[in-house]
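The values are calculated or read from the model by the stated rules, or taken from the named source; none is laboratory data. Nothing here was measured: the structure is a model prediction, and the numbers come from that model. Here Cβ is always computed from backbone atoms with ideal geometry, including for glycine, and neighbour counts include all displayed protein chains. For the accessible areas, the whole protein counts, side chains as well, though only heavy atoms, and no ligand, DNA or RNA atoms are used. Shrake-Rupley method; radii C 1.70, N 1.55, O 1.52, S 1.80 Å.
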Amino acid sequence: MLYSVEDNLSKKVLSNQQSMHPNLARVSNKHKDLIKYQNPIGAETARILKATQEQVERNARPLIMDCGCGTGESAIRLAKKLADHTIVAVDKSSHRLSKAKKKYFPLPENLIFLRANLPDIWLYAYRHKWNIKKQYLLYPNPWPKQEQLMRRWHAHPIMPYLLSIGQNLELRTNWKIYALEFAWVAQYFLNKKVEVHGWLPKSPISNFEMKYLKSGHTLYRVNIVKDD
């Protein structure tokens, strides 16, 4: 069984920030120039990413990325649903990935679990022109305190790179302010309208999504499709 929801329900996101952050525009303007983010990628990480890229190219299938896959439920579901695609599921925690590999062994042959920091892989993918059909960013840590703005992905200097790679980027979150901020930053960088929509999945993609629904949370979705 893919889903297992515990009896304890998930609390709604609590924050001392009640609307979009007042510093968001200033931070976004600071990050607008791609060349300013020059974080080095370690040799071992670069080796792993190069090997992953070569494997994806050998498979010659469209590439889907699950960014921050945790213990793998969403990645498994994507791999089974999109059997003619290669799914690269990324998480920074070796412990979480180890649990995923054991729980779902044997893994679908079109699924690659990859341990890496997301800024490293987004920067590498940008520099090496990865052909990504779609990226999922499913329920990232919202860092909801007002003083935690810089920990949110849309306020990170990697954001222009994230928006520059791939044809389609989908964010899901259970905190409306995160979705509104993410959409605003995407619209700022891409110079196109980006909207926030309420999200009610017919079939939850992960334990997190299932638990949020069972807990009565309103879910939000930002789906960014690049122009051809």
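Quick notes on this one:
- In nm, spacing of pseudo-spin labels at Glu44 and Asp227 (7 Å Cα→C-beta vector): 4.4 nm
- At R0 = 45 Å, FRET efficiency that the Cβ-Cβ distance of Ser203 and Gln18 yields, to 0.05: 0.85
- Under the Debye formula (equal points on every Cα, no solvent term), log10 I(q)/I(0) of the range 83-156 at q = 0.23, 0.25 Å⁻¹: -1.22, -1.30
- Kirkwood Rh and Cα Rg combined as Rg over Rh, evaluated for the range 154-228: 1.00
- Sorted on the mean count of surrounding Cβ atoms within 10 Å across their residues, most packed first, peptides 84-91, 105-112 read 84-91, 105-112.
- By DSSP, the beta bridges lying fully in the chain are antiparallel in about 35 percent of cases.
- Exposure ranking of Thr45, Thr173 by accessible area [1.4 Å probe, largest first]: Thr45, Thr173
- Summed side-chain charge close to Ile205 - residues other than Ile205 whose Cβ falls under 14 Å, Lys, Arg +1, Asp, Glu -1: +4
- Gyration tensor verdict on the chain (Cα atoms; rounded if a/c is under 1.5, prolate if a/b is larger than b/c, oblate otherwise): oblate
- Eigen-decomposition of the gyration tensor built on the alpha-carbon atoms of the range 66-119 gives equivalent ellipsoid semi-axes of 17, 13, 8 angstrom, largest listed first.
- Listed peptides 136-148, 68-80 by packing density, highest first (mean Cβ within 10 Å): 68-80, 136-148
- In nm, spacing of pseudo-spin labels at Lys80 and Phe105 (7 Å Cα→C-beta vector): 1.9 nm
- Cα lying deepest toward the dipole's positive end in the range 69-215, options Phe208, Leu149, Trp122, charges on Cβ: Phe208
- As a fraction of the 1.4 Å probe accessible area of the range 57-145, surface on carbon and sulfur atoms comes out at 51 percent.
- Per-residue ellipticity at 222 nm computed for the chain from its helices equals -10500 deg cm²/dmol, with DSSP H segments shorter than 4 residues left out and the rest contributing -39,500 (n - 2.57).
- For the range 37-108: accessible area per residue (Å², 1.4 Å): 53 Å²
- The range 7-99: radius of gyration over Cα atoms, expressed as a fraction of 2.2 N^0.38 Å: 1.49
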